[in-house]
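Below is one structure, written out as structure tokens, with a few remarks after it.
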Amino acid sequence: MSDFGSLRVVALAGGVGGAKLADGLAQHVAGDRLSVIVNTADDFWHHGLRVCPDLDTVMYTLAGLANPATGWGIAGDTTATLDALTRLGQDPWFLVGDQDFATHILRTEWLRQGQSLTAVTAKLASALGIPARILPMTDDPVATKVRTSEGLLDFQDYFVARRQQDDVLGVEFADIDDAHVAPAALNALRQADVIVICPSNPIVSIGPILALPKIRESLETSTAPIVAVSPIVGGKALKGPADRMLATLGYEVSAAGVATILAGVARVLVIDRVDEALAPRIEETGMRARVTDTVMRDRRDREQLAETVLAAAVRARR
Ligand code: FO1
């Protein structure tokens, strides 16, 4: 544990990129002093089970179980259940492994008993030996819908079934107006010494978290330094469709474009060395720019990026 072990750190995260930085932060921050508030607007019902992809990606990554090839799912998982479903005539468009099914089965059972998603997630994470707190942004259902020339698509239909081939013309978060921030997530934010916005898609991963009014208000009024990491490096998303989405929604596809979305929320934007020339433009938005290597290829990269982020936060606090 490093110099940052006593800080209470809250990270906002979506799926794979967010989970990697959360893992880096967990290498610096003691036990439950790290809280990760996770996007739940990708969640959906599949074969009668509640699937929460971003929560599970963060959970499996922090447990050291994540499939390194995909970033989601469990390493070495088998597909006997999916194969049996296919034999029974089901289209296996969404790849759920056998061990992953166990998570969805238990989550669904506990939710049906009336437990909150926050409580269910805590039980699953504790069973996997994760000391950090994994906190759904809300216990209420919120669903991302993607507007395309084919109509309004459910998020996983756009993302997985249609392989992100459609131009995204707009994004909606269904039921967001009726959703309350989860109390544990709000408490964590209020007690944070440092807040980190992970390099997740700013539109569909960080966007839903910021769309909860109490979260945005808490960030805007927080005295804790807020440091974001750009998920766009050299004009490209490291993973997923964030670059194409920014383009079709009218944003510049660069760290400077990310800065226009996060200005007013984050105090510092961490950008990659290849984007160093964008630093003055980012600083024009009122944010400080911090330049470092942001591509996380292995666990050591995660740990080093987390160290840079935490050091930038501590500096911004003064
Ligand atoms: N992403 C895919 O691209 N294809 C899949 O078949 C797929 C299955 C899957 C199963 C469980 C899970 O937790 C995640 C899964 N993902 C899959 C990833 C996920 O749907 C997306 O990456 C996120 O929703 C975006 O953050």
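The values are calculated or read from the model by the stated rules, or taken from the named source; none is laboratory data. Note that the coordinates shown come from a computational prediction; the quantities given were computed from them, not determined experimentally. Note that we place each Cβ from the backbone using ideal geometry, even for glycine, and neighbour counts take in every protein chain shown.
Quick notes on this structure:
Results for (1) modelled with pLDDT of 95 or more; (2) more than 12 Å from the chain's Cα centre (by Cα); (3) within 20 Å of Pro92 (Cβ to Cβ), shown as yes or no for each residue.
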site: Val38; (1), (2), (3): yes, no, no
site: Asp42; (1), (2), (3): yes, no, yes
site: Gly48; (1), (2), (3): yes, yes, yes
site: Leu55; (1), (2), (3): yes, no, no
site: Gly64; (1), (2), (3): yes, yes, no
site: Ala69; (1), (2), (3): yes, yes, yes
site: Ile74; (1), (2), (3): yes, yes, yes
site: Asp77; (1), (2), (3): yes, yes, yes
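- Spans of helices (runs of 4 or more DSSP H) in the stretch 191-279 with at least 2 residues touching a residue at least 60 places away in the same chain (Cβ under 8 Å) and buried (at least 22 other Cβ atoms within 10 Å of the Cβ): 206-210
- Subset tally (residues that are farther than 20 Å from Gln99 by Cα, among the polar types (S, T, N, Q) and touching a residue at least 24 places away in the same chain (Cβ under 8 Å)) for the stretch 112-148: 4
- Selection of first residues in the stretch 149-171 that are under 20 Å from Trp45 (Cβ atoms) and of second residues that are within 11 Å of the ligand (Cβ to nearest atom) and in a helix (DSSP H, G or I), restricted to Cβ pairs under 7 Å at least 6 apart or on distinct chains, gives an empty result.
- Among the candidates Ala41, Ala19, residue that is outside any loop (DSSP other than H, G, I, E, B), among the small types (Gly, Ala, Ser), touching a residue at least 40 places away in the same chain (Cβ under 8 Å) and crowded, with 24+ Cβ neighbours inside 10 Å: Ala19
- All of Ile130, Ile134 fail the test of being closer than 20 Å to Val38 by Cα, within 14 Å of the ligand (Cβ to nearest atom), in the same structural domain as Trp72 (by TED's automatic domain parsing) and among the β-branched types (Val, Ile, Thr), apart from Ile134.
- Test: Trp72 is within 12 Å of the ligand (Cβ to nearest atom), in contact (Cβ under 8 Å) with a residue 24 or more places away in the chain and in contact with a Pro (Cβ under 9 Å, 6 or more places away or on another chain): yes
- Residue within the stretch 235-248 that is at pLDDT 95 or above and closer than 17 Å to Ala11 by Cα present: no
- Residue within the stretch 283-292 that is out of contact with any strand residue (DSSP E or B) (no Cβ under 8 Å at 6 or more places or on another chain) and assigned to a loop (DSSP other than H, G, I, E, B) present: no
- Subset tally (residues that are within 15 Å of the ligand (Cβ to nearest atom) and either assigned by TED's automatic domain parsing to the domain that holds Leu135 or hydrophobic (A, V, I, L, M, F, W, C) (or both)) for the stretch 162-196: 3
- Looking only at the stretch 116-162, and only at residues there that are assigned to a loop (DSSP other than H, G, I, E, B) and among the aliphatic types (A, V, I, L, M), the one that is surrounded by the most Cβ atoms within 10 Å (Cβ to Cβ): Met137
- Within the set Thr223, Thr308, the sole residue that is within 28 Å of Val181 (Cβ to Cβ) and not assigned by TED's automatic domain parsing to the domain that holds Val168 turns out to be Thr223.
- Close Cβ contacts (under 6 Å, 6 or more residues apart or on different chains) running from residues in the stretch 50-68 that are more than 13 Å from Val36 (Cβ to Cβ) to residues that are within 8 Å of the ligand (Cβ to nearest atom) and part of a loop (DSSP other than H, G, I, E, B) comprise Pro53/Asp42; Asn67/Gly73.
A quick yes/no check of all residues on (1) within 14 Å of the ligand (Cβ to nearest atom); (2) of a type outside the set (Lys, Arg); (3) closer than 23 Å to Ala125 by Cβ; (4) buried (at least 16 other Cβ atoms within 10 Å of the Cβ):
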position	(1), (2), (3), (4)
Val58	yes, yes, yes, yes
Gly89	no, yes, no, no
Ile105	yes, yes, yes, no
Arg112	no, no, yes, no
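- Candidate set from the stretch 60-79 (those that are surrounded by fewer than 20 Cβ atoms within 10 Å (Cβ to Cβ) and small (Gly, Ala, Ser)); member that is nearest to Leu238 (Cα to Cα): Gly71
- Among (1) surrounded by 23 or more Cβ atoms within 10 Å (Cβ to Cβ); (2) within 11 Å of the ligand (Cβ to nearest atom); (3) not in a loop (DSSP other than H, G, I, E, B), the one test that Leu82 misses: (1)
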